[in-house]
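To keep things clear, I will list the structure first and then write my remarks on it.
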Number of protein chains: 2
Amino acid sequence: MAKRSFPLSKVYGLLEPGPVLLLTTAHKGKANVMALSWHTMMDFEPPLVGCVVSARNFSFGALTKTRECALNIPSAELASKVVGCGNVSGRHKDKFEAFDITQVPGTLVAAPLISECFANLECRIADTRLVNRYNFFVLEVLKAWTDPSLKDPRTLHHRGHGRFMIAGETIKLPSKMK
Amino acid sequence: MAKRSFPLSKVYGLLEPGPVLLLTTAHKGKANVMALSWHTMMDFEPPLVGCVVSARNFSFGALTKTRECALNIPSAELASKVVGCGNVSGRHKDKFEAFDITQVPGTLVAAPLISECFANLECRIADTRLVNRYNFFVLEVLKAWTDPSLKDPRTLHHRGHGRFMIAGETIKLPSKMK
């Protein structure tokens, strides 16, 4: 999938609808990936993204130590890989190999980008004040990549306990909201 | 719409998919409502919800002063009312009257609940440490109400600039994720 650099000012449109994400890290030469649903935009530009990464997740250590990661947005075709990533820990398994997920290098972070995802956001930690209490990280998106052919991606949205809503039709309304 | 009390332990399933919300407040006898897309779950139970309410929004004053609000989840049938709420400020207009939105009293907060929404969450501010820098509030959900007839609501998901994704089909996958 040939991706292009995507304007940072438009990143919010990718994350606002609430898709399940795959968060990638790399620490001491070992890459990992986890599924993530608890995230929100916090500012437009530079784009800030808040997200919860539980201290129980193996990725927590890599994220806090390297202070960087990538957020990768899968579409519904990748559902079985996403669920696979959510079901096992990187502590015990190389999830890239187990679920046939392709890593491509980032440009500004050591964390790998996932080739199969239609968008990749290279991120650096911007604020850790709420990490101790809530495992809540504020990330700054440094660089964004998207597949330009995908207009209204069929993203996955977690409803809990194995149920995922798939993004439906997009409507246009006379909104002044950015 | 006859709503029932909804278990706090299941609230995350309502918010995780990333629906547009209507946030209601009441301050000095004046109720207000705004549209909100920047939110995330932060804990399961008691449910904690993080959200950005810009200091430019009229609701910001009522929220910070009363330290409580309600989060109301509209389905796609309410799209024109949602856009209406997003387009004008409560500083100048009574949006409940302008967009024919019905208030019902909450049980634990003074903020009104929106009758037309399929779910209503009565909330109190739990943490304000990230308000000064990011306008980011951590809310605790004290009480939840839902329309029990609605299984897979057609929620609205903001893509930016007047484009809204409407929740599509729900699939079930062998996920161990809560």
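Taking every pair of alpha-carbon atoms in the stretch A:57-151, what share in percent sits in each 10 Å bin, from 0 to the bin with the longest distance?
With a bin width of 10 Å, the distribution comes to 15, 43, 36, 6, 0.
Can you pull the percent of the stretch B:42-125's accessible area that's carbon plus sulfur, 1.4 Å probe, other chains left in place?
Carbon and sulfur together cover 49 percent of it.
Using the heavy atoms of the protein chains and a 1.4 angstrom probe, tell me the accessible area per residue for the protein assembly as shown in square angstrom.
Using a 1.4 Å probe on heavy atoms only, each residue of the protein assembly as shown averages 41 Å².
State, as an integer percentage, the relative contact order of the stretch A:1-87 based on alpha-carbon contacts under 8 Å between residues 6 or more apart.
32
Please list, by residue number, every one of the trypsin sites (Lys or Arg not before Pro) in the stretch A:1-109 that is coil in DSSP and has at most 12 other beta-carbon atoms within 10 Å.
For trypsin sites (Lys or Arg not before Pro) across the stretch A:1-109 that sit outside H, G, I, E and B with at most 12 neighbouring Cβ atoms in 10 Å, the list reads A:LYS28, A:ARG56, A:ARG91.
May I ask for the net charge around A:GLU97, where only other residues with Cβ less than 13 Å from the Cβ of A:GLU97 are counted and Lys, Arg are +1 while Asp, Glu are -1?
+2
Scan the stretch A:41-125 for chymotrypsin sites (Phe, Trp or Tyr not before Pro) in coil per DSSP, keeping those whose Cβ has at most 16 other Cβ atoms within 10 Å, and list them by number.
A:PHE44
Quick one: give the max-minus-min coordinate of the C-alpha atoms of the stretch B:19-107 along each principal axis, largest first, in Å.
Cα extents, longest axis first: 36, 31, 28 Å.
Roughly how many whole Å is it from the C-alpha centroid of the stretch A:12-34 to that of the stretch A:59-82?
Taking the Cα centre of the stretch A:59-82 as reference, the centre of the stretch A:12-34 is 2 Å away.
Show me you know the interface measure: the accessible area buried between B and A, both chains summed, probe 1.4 Å, in Å² to the nearest 100.
Chains B and A together bury roughly 5400 Å² of accessible area.
What accessible surface, in Å², does a 1.4 Å probe find on A:GLU77, ignoring ligands, DNA and RNA and rounding to the nearest 10?
130
Sort shortest first the distances from B:SER80 to its counterpart in every other copy, using label points 7 Å along the Cα-to-beta-carbon line, and give them in nm.
Values, ascending and in nm: 4.5.
How far is the Cα center of the stretch A:85-105 from the Cα center of the stretch B:84-115, in Å?
Between the Cα centres of the stretch A:85-105 and the stretch B:84-115 lies a distance of 46 Å.
Binned at 10 Å from 0, what are the whole-percent values of the Cα-Cα distance distribution for chain A, short to long?
10, 40, 39, 10, 1, 0
Relative contact order for chain B: what percent, with Cα pairs under 8 Å and sequence separation of 6 or more?
This gives 26 percent for chain B.
May I ask for the Rg/Rh ratio of the stretch A:123-178, computed from Cα atoms with Rh as the Kirkwood radius, given to two decimals?
1.08
Of B:PHE58, B:ALA167, B:LEU139, which is farthest towards the positive pole of the stretch B:58-170's charge dipole, taken about the Cα centre with +1 and -1 on the beta-carbons of Lys, Arg and Asp, Glu respectively?
B:PHE58
The values are calculated or read from the model by the stated rules, or taken from the named source; none is laboratory data. Predicted, not measured: the structure shown is a model, and the values here were computed from it. Because the Cβ atoms are built from the backbone with ideal geometry, glycine has one as well, and the counts that use them run over all protein chains shown. What goes into the accessible areas is simple: the full protein's heavy atoms, side chains included, and nothing from ligands, DNA or RNA. Shrake-Rupley method; radii C 1.70, N 1.55, O 1.52, S 1.80 Å.
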